[in-house]
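Report on one structure; see the data block that follows.
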Amino acid sequence: MSEVTQLLSAISNGDSRATAELLPLVYDELRRLARAHMANERAEHTLQPTALVHEAYLRLVGDNGAHWDSRGHFFAAAAEAMRRILIEYARGRQAFKRGGDRQRVDLDDFPPSVLPFENADDLLDLDSALERLSAEDPANAELVKLLYFAGLNLEEAAAVQGISRTTAYEHWQFARAWLRDAIQGEKHAR
């Protein structure tokens, strides 16, 4: 069992010292995740990767009921926490700025790790579509989150999910088409 996994288990059991010991071990990887998230945001975004790491870490270790089965599970939870923080931030911005310079973003035009979110609406459209996909197909939605928001490649995401690369590729093809249709439907409904 790795040191990270042991510390995660200790945190799950309420050991507050383990929380302080864990951060130095996972910080670089969390920064990589945060940079991947922030690369997808608009250039003038005021949230910095360091702030995103710290907020996500506080949410993860501050959740008293949290239990992680493995290092991969922890980083998947971290990616989800970062996604939620960015969604909350986008919703807050949208409350101040309704409408605006909307641009259509076709998911086929960009690989997952460089999908640009030019405005809060694009990110919110993706989040809304992901929520609906989660209700229909949680495994495919999780794969999309790992690819888009955790910055993992297909092989890494397959390993986190415990599936083969071929299966992950098939799921990715389905999920990408499903999301494209869902996002286009939302944009036409406006």
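Values quoted throughout were computed directly from the atomic coordinates according to the rules given, and no laboratory measurement underlies them. As the structure is a computational prediction, the values presented were derived from the model and not from experiment. Every residue, glycine among them, receives a Cβ derived from its backbone with ideal geometry; neighbour counts consider all protein chains shown.
Once you list every other residue whose beta carbon is under 15 Å from the beta carbon of Glu155, what net charge do they have if Lys and Arg are +1 and Asp and Glu are -1?
-1
Count charges around Ser164 for me, please; just the other residues with Cβ under 14 Å from its Cβ, Lys/Arg as +1, Asp/Glu as -1.
Its environment carries a net charge of -2.
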Discussion item. If packing is taken as the average number of other Cβ atoms within 10 Å across a peptide's residues, how do 147-160, 6-19, 48-61 rank, most packed first?
Written reply: 147-160, 48-61, 6-19
Fill in: Distance (nanometres) between label positions extended 7 Å along Cα→Cβ at Asp69 and Gln184
3.6 nm
